[in-house]
Structures are given as structure tokens and as C-alpha cells.
Number of protein chains: 2
Amino acid sequence: MTQVDLYDTTLRDGMQGQGMSLSASEKVRVVRALDRLGVQYIEAGFPASNPKEVELFEILSGEPLEQAQVCGFGMTRRRDVSAEDDPGLGALVSSFAPVCTLVGKTWALHLEKVTRVSRAENLAMIGDSVAFCRGEGKRVIYDAEHFFDAWREDSAYALECLRAAVDAGAENVTLCDTNGSSLPHQIAEATASVVAELGEEAAIGIHTHNDAECGVANSLAGVRAGATLVQGTMNGYGERCGNANLVSILPALQLKLGYRCVPEERLGLLAETAHFVDEVCNVTADPNQPYVGRNAFAHKGGMHVAGVQSDARTFEHLDPELVGNSREVLISELSGRGSVLSHADRAGIQLDEEAARRAVERVKEREHRGYQYEAADASFELLLRREAGDYESLFRLESFRVVMEKREDSGVETEATVKIWVDGQRFLRTAEGNGPVNALDRALRDAITELHPHLADIELTNYKVRILDEDHGTGAVTRVLLDSSDGTDEWGSIGVSENIIEASWEALVDSLEYAFQPKNPGPAESAASGPVRSGLGRDEVG
Amino acid sequence: MTQVDLYDTTLRDGMQGQGMSLSASEKVRVVRALDRLGVQYIEAGFPASNPKEVELFEILSGEPLEQAQVCGFGMTRRRDVSAEDDPGLGALVSSFAPVCTLVGKTWALHLEKVTRVSRAENLAMIGDSVAFCRGEGKRVIYDAEHFFDAWREDSAYALECLRAAVDAGAENVTLCDTNGSSLPHQIAEATASVVAELGEEAAIGIHTHNDAECGVANSLAGVRAGATLVQGTMNGYGERCGNANLVSILPALQLKLGYRCVPEERLGLLAETAHFVDEVCNVTADPNQPYVGRNAFAHKGGMHVAGVQSDARTFEHLDPELVGNSREVLISELSGRGSVLSHADRAGIQLDEEAARRAVERVKEREHRGYQYEAADASFELLLRREAGDYESLFRLESFRVVMEKREDSGVETEATVKIWVDGQRFLRTAEGNGPVNALDRALRDAITELHPHLADIELTNYKVRILDEDHGTGAVTRVLLDSSDGTDEWGSIGVSENIIEASWEALVDSLEYAFQPKNPGPAESAASGPVRSGLGRDEVG
């Protein structure tokens, strides 16, 4: 089995993506997660390029990693100084990172138009820089910027650049499709030629971007042509359309193409790691993401569900558990009593046969009215609890009132008043808000937290509104989905009504009711058959 | 130049995506946009599978399309009836659609485990069904479900299935990677073999999914191996991880690989069409989407920006204008003074240089706050009119008030009161509604129609709500899009506010104001300089 190494550049190239920014300590958390997954090389950034990077390399130097090598990134020396006097290279070799990744030019157009350096001078810059880092005891990877454009225009010179790096001691030359201009067959051709020329002397790497929506396929084409290292980012973060997505490359290489990348048992950490990095980067996980998305193994159409039940291969390209994901028969198809029972079981709810039957009926009836429990695990669990009789209400509503007023040339003023009973006491509270739901949330929380102060910490993290039958104009049915968090767990609740305020109220109440229910053992522990399950936590409804 | 046809299944397979749902009239708008882009085949759905589909085929039968062929989708006959007696096939041949796309089995595992039909019987089902549709005068495309899995397991039988379709008169057999299990080299190999076997007798199509993040690359591999038709969806909508994304396939085929798909001048409509379909489907456009995303040609790193300035090729894989996108247009297509002027011209608004400059500033500033005029032509035109001074207000708001009350065990009661001045007279009206916006609409309309009775006929056909920064919980900014119709024309208006009621009010007022403005000659006639620009109609902003 051929070994292919993973080289993660989430912390450097990934941070070029719009809106990306991580603190040094967040970066360290990402490094730990990547190390655990089995990624061999982790590019942490430019050492000493700014105080945040200095801090990061400082922390990382003391971080005990299981197996990953930290790489510092830098450019070949400037044209006007020697490698020894180049401050960037100086910082690189002074850092603890055992691997230096040096990016340099390979494309004549680029030399002419951007850097204005002669071809010979560029070769010297590459050779000097690699030799300097080697002389300081570093391992060196040479990133050949714009390699594939260069190859199409002047393959002889592109190859000379690579050879300059290899002759100076680079153990790996990585071919970069910097603009994402290439398609898989072009990557395959050029990579195979380079492997034929230099494959005996150095390892060949591949670094692609997703501008043609071929980032993953391009990386796979590079490996099939002989590359043994793949550079990419978690979840495909990166500038423009992103870098090649390691989360999709890893399972394709290991499960579909038979290469070895990470220890087999680590692959099951893939989904968890991908979601964790999303979380740290404050990126909403893409539910449709290949392999690890919540919908990646979701089945909806009746025919598909029947197929999966008789033989999963009929509608699944691989076993979701191998990548730490799970099959999601959408709750809309859960009309079966068996699956309601298994859900109840996982949530620690005792549901007898008759209650299960009622719950199934209730789900069907509600889905018909527009409810959808796929992203509303809290509301689904409350529904089961109610049918099980295992349900204590947090409060009783006497009434609420929302008043919104607008005068010429002023904004809308919103005020909500709630009257509720909690543990036999009546609370009346009024609050203002920047909208009706916000005002209601504030008034309700104000009333409830008097007796249940811990509910004050719940944050509404996400509020989604969907008009179901949009062609009924403003009289349409509205579905509100609300995500909440207490800092540890996240849960989703739902409300449906012709009246958006009523729908929002329903979701709001479910969110707080859910937080108020006794904690069940939780799916993480009860399903801890392997490391695969630990932590998906909140998304695990199916 | 080899011709490769595009086959769009957004309206059928795309609708399998989570949360996707379109009304018949929304689907018609998508059909028009695809026709204009130059897509050759548009799969509209299963004729007669439900009342919405019946309505859709009814409308489409009278819809004058420029060049696209509408396809009806259905399955091969059931095992227990003849093709003539199969209700699904009956509906298909009775529909006006000139092309029938029949999906059928090719994979032995599937026959054994799911359909429980013998191999011979399956061949008969395919042949009978194709022959029946041909006999009724239809063109037939045969979609070979699970073709690539079938090929890997038993290529002889898979080929027999295709041959059964071709022998019975199918003009095209399309190879489907139904589970998205395949990688590009597998697609290439199998497709090339099929082309060698059947390429003389029928056209070969390719239909892939994105489960391995290779949907686009797989389609390209199929075409390079000889397929001449590509099935996919706009923006890659579809079940699980989505279908192959036509928005990325089209420019790769036409600009990178030299195939001919759509007339060259239509390619410039790509970005606009992709965003339009997102808008209709209430999907937030992916800013990182290849080719058409807002970030696809955005440059961040200093070195990149310098490179682009000296020669765009150094950091751009193609000229963004070719696909209707632009470099670093972070605002939108509307930011240029030239395009504002041409829009004003089309709407019959006299806009001088200074007013145009102000309008551009206003658009930028509003887009920064979350407005988006692509589907809100009415609001855009009103903005231009205001800057032109060519604007007469329909009414003046003194104030409105909305009160919502809920008591234990009853629904929310909603009442709105508006006080407005119309033509110097004051009107005070109160109305109830099933939600705050509905009540406001009724009260406002009641007040206005006293003096402007024709505004009573305006129907609010569509009401969409999108929370822009969902992670701000219930305090997030809300964008409301409202479609209105007077029976002849349709127009869109927009409102943005932290307060959903205020945003809705703004869109409501714009809708009525627009209807009240003097009629302009109409974009369809005045912009008839070329087919390219004439017709996203109300959505045409760029």
C-alpha cells in the first residue's frame, strides 16, 4: 500500500478565505485536532511575521504532538540579499519548526510581469534559499507556485526551477495550481512528467485550488500520477473558491483508491474533526458537505429509503461510520414505530408501545402541517417526552402581548409583555426589543430566570425563517427554526404557524423547555462503541 | 468544435435537496432563465404526479421558449403491467413535452435487493417502455440508474440494459453515477467503453453526483471520454451532497476544453442566471462558488493584488467577464454608473450624471446594509426615480400600530391600525390578519383603495424572509422579498431591517408605490437590442 502524506495549510492558506481569523490559542486547538486525526504535516504560518505568529510558534514549540510535524512557511530569498541576510529566512530557521516550506516562482510570465527577476536569478534564489535552510538543519519542502501554468507555457524552465530546489537539498517539491486554472487531466499529465524526471531524487507533492470546482479531483489526479504528498485545508477553506478540501481527499485516497494516509482507526475521527474546525473558525458547517455533512448520507425519497434498508450499497457510496458520520433516515421518513423507539432509547426516554404509536401519529400529523424535525432535535425529544408522560412543564402562559408602533420618519418601536406562572408564582414582565421575537424572548427570560437563573445563560445562536407556501403571499405558513446553546451543547427547536410570531414563540418555548428537562445520559456516552461517536453530540438525531 | 448539450434537472433532481420547494410559477421562471442561458434540455418533473406538476406542465405547454426542449421524467413500466397500461408512462406520453426521460435499472444488485425483478424482465421493461414512448411520437432519453456501480460489477449486463434502450429507439442513453461513488478515472474508463460500443447508434450522456466532491470533474471526464450530453443542476442543488453543478461544468467545457455548449454571447449570463435561481429557490448564494461567486475573483493577499494589476493571468484562471462575473466587485453588478444609466433608460427614467452618481452611491450603501436588488426590480426602479426627482409618493404615513395578543390555549390575535394621508385626506383603518404583515397589508390597502381602487387588485404572490446574519439569533438583520402581481406583470420589492415587521412594511410599501408609478414602456420592448439581455425581465439588474 503506497503511503500518501497529508499536509494541512488551514492555518496559513486557509486563513486567506474571506472572514477567516483565528487567535493563536485557537490555532493550537486546530493543530491538536489535526495531529489526532493523523495529518503528517501542519503548516502553522510564517514564523515571526507578526506578534500573533510569534506567539503561536512559541506555544507550539512546547506542544507535545503525537506524530505531526509543524512546518514554517516562507518565501525564497529576496533578489537583493543573500539567503543568510534575508530576514524572512532568518526567522524560519530560528523557529523550532523542523520543516521549512519555501514558496518560489516557476512561471516566466510571473517573473516578467510581477517580480521582474531574470530566469537565472530566480534559479539562484531557489537554490540559495533551500541550501541555507538545509545548512541550518531543516527539512525543506519547495512549493512551486503557478507550476501548472508554467508547465503549459515553458515546461523546461518549470522543471529547471524544481531541479534547483532538489539539487540544493529539498526533500519534496510540491506542484501548485495557484490560480486553480487546471483540470484533472492536465494535472495528471504534468505530474506524471515531473515524477518521471525527479521522482527518484525527491518526493512530489500536489497543491490545488477549487476555482474550477475540481480541487479534490485535481489532488486525486496528482496522487494517481505519482505524487505522495497532498496539501490542502480542512473543509476547503481558502481564498476565492477555496483550497483543495482534505476532508474529501482523505477518504477518497484511503477508502476508494487504496492508499494509506492515516491509521485506519483515525479515519473515524474525520467528521468530528471537520466539524470541530468549522466550530473554531466560526463557520457554519455545510450540511451538504461530502462525507461529513449532515445530509451526506440522508435519505428522503421513498425508493431510496427502501433501497438502503435492504442493502445500503444500493444508495450509499460508502459506509458512513468509516468517516465518523451516520446514516440519517430523515425524520420525515421515520414513520416507523421502530425508529421512534430507538430515538427515545437514545434520549433516555421510556416509551411504551402505545405511546410510541401515538408519537408516530403525532409526527406524521405535524409534518403534514409543515414541521420538520431534521434540525429540531429538541422539539422532537419534547414531543416524545410528552407522549411518554415524562414531561414537566417549565411554566404556564397566561398571556402575552406584543405592540409595535411606527410614526412617520421613526423606526418601529417594539414592546412585549408576558404573564406567566412558574412554580405557582405569577410573573409579569415587559421588555423592549429590536423586533417582536427579540422583545418576547427578553420578557420571557426575564420572568423565568427569577426562579431558574441558569436559563439566563442560554444563547439563541441561530434564527431561521422559512415561508412554506410562499405563493400565499403574507398569509402563508411560516416555519421558524431556532438553534440554542448553553456553551457546551447545542439544540434546535421548531415552530410552525400562519403567524410568524406564534411560530417563533413556539420555537422559543421549546428551546427553554428542552434546557429545563432533566439531563439524559446523552448519546455521546451511550453510543461510545468507538472514538467515532464522541462529540458529534448536537447533530446526532438520526 | 464538438457540441455538448446541457440537460438541466434542477426542477426534478434538484428539488430532492433539503428544504427545496418551488411553486409552479416559480418553476416557470426558472425554465425561462435556463432557456435564455441556452440550456438545451430542461427536465420539468413527473407530469401528473401531483396537482402542482399538472399545473406546471399546463403552463409550460403554452410557454414560448426560444430554444430549450422540455423533458418529462418517468420510470420504466412496472413489472406487472404493459407499457400501454402503465399510468406513469401514460401521463408522460399525454404531456406536451417532446422528450421523455425514462429512468431504469442497470445494476444486478439493485434488481436482486430492491426491485426483485429478473434480469430478463428488466430488459423487457426497458425495451417496452422506450418503444411505447417512441410509438407515441416522443424523443426518448434513457437514464441508466447506478450505471457505474453496475459496470464495475457486471459490465456485460449493464451494457445489455443500454442496448435494450437503444434498440427500442432511445436517441440517448445517459450513464448515471446515482450514488456519487465514482471518481473521474472510473467515469472516463466506463464512458469510453460505452462510447466505443454504442456511440454510433446513440448519443451518450453523463449524470453525476457530488458525494466524493468530484461531481464536476466526473462530468468533464465523461465528456472527454465521448459523452455529448451533461445532466446537472444549477448551483449543484440535489439530494445528499448535490448533483453535478452545471454552473461550473458549462464554463469548463466551453472556455477551458473548447467544446461548444451555448452560443458564446450567452455565457455572459451565467452568473446572473445562477444567482437568479438561488434567489427563486431562497438559497443564499455561496460567495465562494466557482466562476460566479462574489469571491471567485476577489483578491486579498497583497502579492495577489499586485499580480492581478500587472497581468490578470498571474492570479486569475480566466476573465471573469466571460461568465458574467467581475473582478473584486464586492458590491454588485450595479455599482457602475453605466449600468445604472442603462437601467434608468430601460425604465424610462431621465437620470442626469449627478443623479446617476448619487444612485450608485445609494445602491452601494444599501447593499452594504443587506439590500439586494437582483430580485427586487420594483424597489430598484423606485430608488432610481427618487434620485431622478421623478417620483410621486402614493401616500404619507402618519403612524401604524400592530398589536398581537395570545392567551393560554388560544391562538395569536393580530390587529393593525394605519393612519395615512392620501391626496391630502387622512385615512384611519384597522384590520385583523393571520399575522402582523397580513394585518398591515389589509389595513393599508383598505385605506389606499378608497382613492385608488385599482390597487385593490394587486396580489402579493410571494413572501420570502431571509435572516442575514443568522448567528445573531433573534437580533439579526432580516431581508424580506415580496413578489406582487396585477395579473399581467409581476414585480419584486425588498425591505431590510433588524425588525422583521419594519422590513416587511418597507417591501409592502414599495410594491404598492411601484404599481402606482406611471407605466413605462416596459423593459421587454425597449431592451430588445439582443436576445441576451432581454428577459430575466424583472430580475435583470446587471
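The values are calculated or read from the model by the stated rules, or taken from the named source; none is laboratory data. Because the structure is predicted, anything quoted here is derived from the model rather than measured. Backbone-built Cβ (ideal geometry, glycine too); neighbour counts: all protein chains shown. The protein model used for the area step is the full one, side chains on, heavy atoms only, and it has no ligands, DNA or RNA in it. Shrake-Rupley method; radii C 1.70, N 1.55, O 1.52, S 1.80 Å.
Less than 13 Å Cβ to Cβ from B:Asp457, Lys/Arg counted +1 and Asp/Glu -1: what total charge do the surrounding residues give?
That sum, taken over residues with Cβ under 13 Å, equals -2.
What FRET efficiency, computed as 1/(1 + (r/R0)^6) with R0 = 56 Å and r the Cβ-Cβ distance, is obtained for A:Ser23 and B:Gln350, rounded to the nearest 0.05?
Working: r = 54 Å, r/R0 = 0.96.
In this case the efficiency is close to 0.55.
Please give the Cα centre distance for segment B:44-82 versus segment A:218-267, rounded to the nearest Å.
41 Å
What is the set of long-range amide H partners of B:Cys71 at a cut-off below 5 Å, with H atoms built 1.01 Å from backbone N?
B:Ile42, B:Glu43, B:Ala44
On a C-alpha basis, how far is the centre of segment A:120-155 from the centre of segment B:124-180 in Å? Whole number, if you could?
52 Å
In segment A:175-324, carbon and sulfur make up what percent of the accessible area (probe 1.4 Å)?
Ligands and nucleic acids excluded, carbon and sulfur reach 46 percent.
Let me make sure I get this right: for the protein assembly as shown, a, b and c are the square roots of the gyration tensor eigenvalues over alpha carbons, sorted descending. Under 1.5 in a/c it's rounded, otherwise prolate if a/b > b/c, else oblate. Which is it?
rounded
If R₀ is 22 angstrom, what is the calculated FRET efficiency for the pair A:Glu201 and A:Asp154, using the beta carbon separation as r and rounding to 0.05?
Given R0 = 22 Å and the Cβ-Cβ separation, E is 0.55.
Under the rule a/c < 1.5 gives rounded, and otherwise a/b versus b/c splits prolate from oblate, where does chain A land using the Cα gyration tensor? Show your work: numbers first, answer last.
Numbers: a/c = 2.49, a/b = 1.97, b/c = 1.26.
The shape class here is prolate.
Collect residues whose amide H, placed 1.01 Å from N in the peptide plane, falls under 5 Å from the amide H of A:Asp143; neighbours closer than 5 in sequence don't count.
Hits under the 5 Å cutoff: A:Leu102, A:Val103, A:Gly104, A:Thr174.
Evaluate E = 1/(1 + (r/R0)^6) for B:Glu136 and B:Asp489, where r is the Cβ-Cβ distance and R0 equals 30 Å; express this FRET efficiency to the nearest 0.05.
So, using R0 = 30 Å, E works out to roughly 0.20.
With a cut-off of 8 Å between alpha carbons and a minimum separation of six or more residues, what is the relative contact order of segment A:227-281 in percent?
With pairs under 8 Å counted, the relative contact order is 26 percent.
Using θ = phi - 60° and the Karplus form 6.51 cos²θ - 1.76 cosθ + 1.60, what ³J(HN,Hα) does each residue of segment A:478-491 get, whole Hz, x for Gly and Pro?
Per residue, the Karplus-derived 3J(HN,Hα) values read 10, 10, 10, 10, 10, 9, 10, 8, 10, x, 10, 9, 10, 9 Hz.
Taking 0.36 nm per residue of separation and subtracting the Cα-Cα distance, what length does fully extending B:Ser342 through B:Glu392 add?
Extra length from B:Ser342 to B:Glu392 when fully extended: 15.8 nm.
So if each residue of separation counts as 0.36 nm, and I subtract the Cα-Cα distance between B:Glu265 and B:Leu322, what length gain in nm does that give?
Going from the current span to full extension adds 19.7 nm.
Kindly rank B:239-245, B:152-158 from highest to lowest mean number of other beta carbons found within 10 Å of each residue.
B:239-245, B:152-158
Find the relative contact order for chain A and round it to a whole percent, using C-alpha pairs within less than 8 Å whose residues are 6+ positions apart.
Normalised by residue count, the contact order of chain A is 10 percent.
Once label points are set 7 Å from the Cα along Cα→Cβ at both A:Leu428 and B:Ser118, what is their separation, rounded to one decimal in nm?
Simple spin-label model gives 8.1 nm for this pair.
Relative to a virtual label point 7 Å from the Cα of A:Glu58 in the Cα→beta-carbon direction, which members of segment A:93-112 show backbone nitrogen distances below 16 Å?
Under 16 Å, as judged by backbone N against the label point of A:Glu58, lie A:95-97 of segment A:93-112.
Would you mind calculating the relative contact order of segment A:35-115 from Cα pairs under 8 angstrom and at least 6 residues apart, reporting the percent as a whole number?
Reported relative contact order: 31 percent.
Hey, rough spin-label estimate for B:Gln3 and A:Glu66, points 7 angstrom out along Cα→Cβ, what's it come to in nanometres?
5.7 nm
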